[in-house]
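Report on the structure given below.
The values are calculated or read from the model by the stated rules, or taken from the named source; none is laboratory data. Given the structure is predicted, the values throughout are model-derived calculations rather than measurements. Cβ sites come from the backbone with ideal geometry, for glycine too, and all protein chains shown count toward neighbours.
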Amino acid sequence: MEELSPTDLKTILHSKRANMYYLEHCRVMQKDGRVLYLTEAKHENQYFNIPIANSTVLMLGNGTSITQAAMRMLAQAGVLVGFCGGGGTPLHMACEVEWFTPQSEYRPTEYLHGWLQFWFDDVKRLEAAKTFQHARIHYLEKVWSKDRELKLEGFEFHHDAIQNALSTFHKRTDEASKPSELLLTEAQLTKVLYKYAANNTGVKGFTRQHQSTDKANDFLNHGNYLAYGLAASCLWVLGIPHGFAVMHGKTRRGALVFDVADLIKDALVLPWAFVCAKENATEQEFRQQVLQAFTDHKALDYMFDTVKQIALQAHSKEHIEANNL
């Protein structure tokens, strides 16, 4: 087989790539210079193409296998690969957090340099965490004010219950003096959003249980892992290691993935998990709905813009101070 150079692929920015795959009960392989997955049918095997140049994440579920040649091509195309359980959760295999990341030394260094300039300073790191928190609310407002389908399901950003919770959220976020206070404030807001979504969709007696078997909790778990895939892809492209978190615990080596994923989870994953549970949707139907929502509202773009803004803010301040001297 001829070696494939990354320059032979039509380059698409990760923030503009359209596809994120979850596969199960199939074999992923290289054939005729393409990455395919093979499924067994009654009369003959069926091959399906994976457009790797336009994909960000590949999640391999139950009953899957992958060849070395396919992994090489996926790495050259910059696709993150993760091994997970049925339905997309939980993630099993770890290289960085739960992902096999393509090995590339030709990623930008400016974002890592900017991140490290503030990360070792407790005060600046707390300010970055507050920026993340305000950014997630900005995205929530942007999505819920624009999405016609969510409005039809009763998700109104300007509802009194939401606005009262956000008023408290912003006040406590601005007054927070340590990350644990931010996490507590975040948890209180999320609890309000769960209650609001449950009331909207008629889900009785909902409590958040990560090991639960009810559909709302299962869909929340599933959607959150899809968001983690986008977050991991964003951080890999920008060259920022997953361990440099600003909110979630320093002892969790992949905590920055959770920080970045939180930017979009409340706005997209949370409401659609409850709506799909109300409609008794299948996991595949929920996954398609959430992935479409990610695309429609440019979730990956928003992750890139927010992380880049925070990473470069130290450089911007230094540049302004230098010009003032």
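Here are a few things to note about the model shown:
- Flag for Glu181 being more than 26 Å from Val275 (Cβ to Cβ) and either modelled with pLDDT of 90 or more or crowded, with 19+ Cβ neighbours inside 10 Å (or both): yes
- Residue satisfying condition, being surrounded by fewer than 18 Cβ atoms within 10 Å (Cβ to Cβ) and either at pLDDT below 80 or among the aromatic types (Phe, Trp, Tyr) (or both), within set Thr67, Thr7, Thr39: Thr7
- Screening region 210-232 for residues that are at pLDDT below 85 and touching a helix residue (DSSP H, G or I) at 6+ places or on another chain (Cβ under 9 Å) and picking the one that is nearest to Ser180 (Cα to Cα) gives His210.
- Of all positions in region 207-224, none carries a residue that is closer than 14 Å to Glu283 by Cβ, buried (at least 20 other Cβ atoms within 10 Å of the Cβ), among the aliphatic types (A, V, I, L, M) and in contact with a Gly (Cβ under 8 Å, 6 or more places away or on another chain).
Each row is one residue, and each column tells you yes or no for (1) β-branched (Val, Ile, Thr); (2) out of contact with any Pro (no Cβ under 7 Å at 6 or more places or on another chain); (3) closer than 14 Å to Ala267 by Cβ.
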position	(1), (2), (3)
Phe155	no, no, yes
Asp160	no, yes, no
Leu166	no, yes, yes
Thr173	yes, yes, no
Glu181	no, yes, no
Leu184	no, yes, no
Lys191	no, yes, no
Asn200	no, yes, no
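- Filter result (touching a residue at least 60 places away in the same chain (Cβ under 8 Å) and either surrounded by 19 or more Cβ atoms within 10 Å (Cβ to Cβ) or under 29 Å from Gly85 (Cβ atoms) (or both)) within region 190-201: Thr190, Leu193, Tyr194, Ala197, Ala198, Thr201
- Residue count, region 138-161 (criterion: closer than 30 Å to Phe244 by Cβ and without any contact (Cβ under 8 Å) to a residue 60 or more places away in the chain): 2
- From Val237, Val203, residue being more than 21 Å from Gln288 (Cα to Cα) and either modelled with pLDDT of 90 or more or outside any loop (DSSP other than H, G, I, E, B) (or both): Val237
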